[in-house]
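Okay, structure first, notes after.
The values are calculated or read from the model by the stated rules, or taken from the named source; none is laboratory data. Given the structure is predicted, the values throughout are model-derived calculations rather than measurements. Every residue, glycine as well, gets a Cβ built from its backbone with ideal geometry; the counts of neighbours run over all protein chains shown.
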Amino acid sequence: GFEDSLERMVMNLVSNAVKYTPGGGAVAVKAWSEANQINLEVSDTGIGIPEDALSRVFTEFYRARNARSLDVEGTGLGLVLVKDVAEQHGGQIAVRSQVGEGSTFNVILPQE
């Protein structure tokens, strides 16, 4: 159900954040409810995503150059699944990122 989907989204986003954040970095998860919406924010102090790659991070099998250069396992499907689940529940996902400073993913879902 909805709770399982929400849990899968959180796990995927946190897993990605941890994967691309070097030792000593930080990952933060915030969730809150307002105006009949559930807001989820996962931010990290990781490698960041190049600006030219931001529009493609939700595309199947896509991994940004700097992500591929790390010795990190990844299928390029985690963010696709998060986007699909968000959209299946009438929500949306957005990303802000700065190379070398980190990324923030925001998911907004209607409260069911």
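I need the full set of residues from region 21-48 which are within 11 Å of the chain's Cα centre (by Cα) and either not polar (S, T, N, Q) or not in a strand (DSSP E or B) (or both), in order please.
Pass one, region 21-48, residues within 11 Å of the chain's Cα centre (by Cα): 29, 40-44.
Scanning region 21-48 gives 29, 40, 41, 42, 44.
Where residues in region 1-17 are hydrophobic (A, V, I, L, M, F, W, C) and surrounded by fewer than 14 Cβ atoms within 10 Å (Cβ to Cβ), which of them is nearest to residue 96 (Cα to Cα)?
Pass one, region 1-17, residues hydrophobic (A, V, I, L, M, F, W, C): 2, 6, 9-11, 13-14, 17.
Retained after the next criterion (residues that are surrounded by fewer than 14 Cβ atoms within 10 Å (Cβ to Cβ)): 2, 11.
On the way: 2: 26, 11: 19 Å.
Applying the filter and picking the extreme gives 11.
Restricting to region 18-41, name every residue that is under 14 Å from residue 101 (Cα atoms) and surrounded by 15 or more Cβ atoms within 10 Å (Cβ to Cβ).
Once the filter is applied, which keeps residues that are under 14 Å from residue 101 (Cα atoms) and surrounded by 15 or more Cβ atoms within 10 Å (Cβ to Cβ), region 18-41 yields 20, 21, 27.
Could you list, in sequence order, the residues of region 8-64 that are among the aromatic types (Phe, Trp, Tyr), modelled with pLDDT under 90 and within 19 Å of residue 89 (Cβ to Cβ)?
Kept after step one, since they are among the aromatic types (Phe, Trp, Tyr), are these residues of region 8-64: 20, 32, 58, 61-62.
Adding the requirement that they be modelled with pLDDT under 90 leaves 20, 58, 61-62.
The answer is 58, and nothing else.
Filter region 84-112 down to residues that are part of a helix (DSSP H, G or I) and either crowded, with 20+ Cβ neighbours inside 10 Å or touching a His at 6+ places or on another chain (Cβ under 7 Å) (or both), then give me how many there are. Full working, then the answer.
Residues of region 84-112 that are part of a helix (DSSP H, G or I), as a first pass: 84-88.
Checking which are either crowded, with 20+ Cβ neighbours inside 10 Å or touching a His at 6+ places or on another chain (Cβ under 7 Å) (or both) leaves us with 85-86.
Of the residues in that region, 2 qualify.
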